[in-house]
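Trainee: Mind looking over this structure? Questions follow.
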Amino acid sequence: MAGNSQRRNRRTSNKKGAQVGSGGQRRRGLEGKGPTPPASERKGHKKNRVAGAQARQAAARRPAPRRGGAKGTSEMVVGRNPVYEALRDGVPAVTLYVQQYIDNDERVREALQLAGQRGNINLMEAPRPELDRMTNGLNHQGLVLQVPPYEYAHPEDLTSAAYDANEDPLIVALDGVTDPRNLGAIVRSVSAFGGHGVVVPERRAAGMTAGAWKSSAGTAARTPVSRVTNLTRALESYQKAGITVVGLAADGEHEVQDLEALGGPVVIVIGSEGKGLGRLVGETCDYRVRIPMPGGAESLNAGVAAGIVLYEAARRRA
């Protein structure tokens, strides 16, 4: 009897205890999963693999996104009159530094008023030693204006702007122009005669400094400037896009008023006053033109020469 009781106890102890419910998992498993996706979207299916391969091929054919243009470097305008003139002429600025305990004369008050009217220029007070350090010891007279780096356009942006407006590109490229005031004057002329931008090389050439901004008389805000590593390659790229490259040279084979190509898509190349066009740039040009000068002057200022050729191009397009 004792043995039978022990066997019954062992059987009882081996029985499972209370079971936890399934939490609705079985019921949800019976629910539908919606319509079957098409074969091209089912992972592992042959049509899905084919669709994936086609998408990768299309991405490989798509041109890579174009990078933005180069950026210039930050610049400091120093001195009471230069700072006031830069603010008056609309030169972009980030911060106006004012020396502590500065003699608050009329020019300082006018500069502070102009900066305040802009609304986007930070006003910072700094001790004189700090301004001396920032300007490398220049005579800042207690006012220093920080100009942000200029954002140069991509060379293709200039032609894109023209085509978007249903116009033939009219672009000026500068070869060896080192005076920022000349660059600013040329930007102003390009704007006046309906041009689409200016191209400058990175080395041995003027960039869009505060001086160039001032000379442009505000037109630099709406006339893009592109900076390129190699001007010759940039001109060749324009030629491949169907744009005629015309160089201005004192010994050019054509006179400016006789060149019909100025009425179509064109890049006008202006050289420096002393050396003119570089050899490689001159050889790249489709035409070389000269400006008749009955008075006998050997050359013209780069800004003046650009204005004359741009006027002729605009006259032909009118």
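Trainee: Can you tell me how many residues within region 277-303 are farther than 17 Å from Ile243 by Cβ and either touching a residue at least 40 places away in the same chain (Cβ under 8 Å) or touching a Pro at 6+ places or on another chain (Cβ under 8 Å) (or both)?
Mentor: 10
Trainee: Right, another one. When you look at Pro201, is it crowded, with 20+ Cβ neighbours inside 10 Å and without any contact (Cβ under 8 Å) to a residue 60 or more places away in the chain, yes or no?
Mentor: So Pro201 passes the test.
Trainee: If you scan region 208-243, which residues turn out to be surrounded by fewer than 19 Cβ atoms within 10 Å (Cβ to Cβ) and within 15 Å of the chain's Cα centre (by Cα)?
Mentor: Scanning region 208-243 gives Ala221, Arg222, Thr229.
Trainee: Considering only residues of region 166-195 that are of a type in the set (Gly, Ala, Ser) and open to solvent by less than 50 Å² (accessible area, probe 1.4 Å), which is nearest to Ile268 (Cα to Cα)?
Mentor: Ala173
Trainee: Could you tell me which residue of region 247-262 is nearest to Ser299 (Cα to Cα), considering only residues that are outside any strand (DSSP E or B) and open to solvent by less than 30 Å² (accessible area, probe 1.4 Å)?
Mentor: Only one residue fits best here, namely Ala249.
Trainee: Could you check how many residues of region 163-206 are of a type in the set (Val, Ile, Thr) and over 17 Å from Val246 (Cα atoms)?
Mentor: Residues in region 163-206 being of a type in the set (Val, Ile, Thr) and over 17 Å from Val246 (Cα atoms): 2 in total.
Trainee: When residues of region 233-267 are filtered for being within 27 Å of Pro149 (Cβ to Cβ) and out of contact with any Pro (no Cβ under 9 Å at 6 or more places or on another chain), how many remain?
Mentor: 2
The values are calculated or read from the model by the stated rules, or taken from the named source; none is laboratory data. If you're wondering where the values come from, they're calculated on a predicted model, not measured in any experiment. All Cβ positions, even for glycine, are placed from backbone atoms using ideal geometry, and neighbour counts span all protein chains on display. The accessibility values were calculated without ligands, DNA or RNA, using every heavy atom of the protein model including side chains. Shrake-Rupley method; radii C 1.70, N 1.55, O 1.52, S 1.80 Å.
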